[in-house]
Amino acid sequence: MAITPKEGLIQAIERSPDELVRALLELLKVLQWQSAAAVSPKPQESVLKAASSRLHRKQGVLVIETEPLNGLDTNAILSEVREEQIQYQTRQADS
């Protein structure tokens with residue numbers, strides 16, 4: 001049985017260091033705020049103020065500045081994400 005994107009995200013979060021989870025949570029709050037702002041004319045000021053000073057675009061990529069991510073092996077994370085994506089696409093092709 002294929003896992004949903006939400007389940008995949010939960011599994012990835014469970015294996016991630018706290019610093020990365022905090023950064024993802026802040027990014028999610030900003031994205032939720034942007035979605036709510038598109039629907040509602042009143043922005044959520046506290047979320048915007050907390051994240052806007054650390055969120056910017058660099059060469060077309062959305063970047064959020066975090067505390068140093070000590071002990072984070074980005075190559076291992078990228079390899080794991082690639083492998084999960086390959087497995088997901090393989091399951092989708094078999095369906």
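The values are calculated or read from the model by the stated rules, or taken from the named source; none is laboratory data. Only a predicted model underlies this, so the values are computations on that prediction, with no experimental measurement involved. Cβ: placed from backbone, ideal geometry, glycine included. Neighbour counts: every protein chain shown.
Name the residue that is nearest to the chain's Cα centre (by Cα), counting only residues in the range 86-95 that are of a type outside the set (G, A, S) and exposed (fewer than 10 other Cβ atoms within 10 Å of the Cβ). Per the criteria, the residue is Q92. Within the range 63-85, the set of residues being surrounded by 11 or more Cβ atoms within 10 Å (Cβ to Cβ) and small (G, A, S) comprises just one member, S79.
When you look at L28, is it under 29 Å from D73 (Cα atoms) and either at pLDDT below 85 or of a type in the set (D, E) (or both), yes or no? Answer is yes for this residue.
Considering only residues that are of a type outside the set (V, I, T) and in contact (Cβ under 8 Å) with a residue 40 or more places away in the chain, which ones fall in the range 50-79? Of everything in the range 50-79, those that are of a type outside the set (V, I, T) and in contact (Cβ under 8 Å) with a residue 40 or more places away in the chain turn out to be E67, P68, L69, N70, G71, L72.
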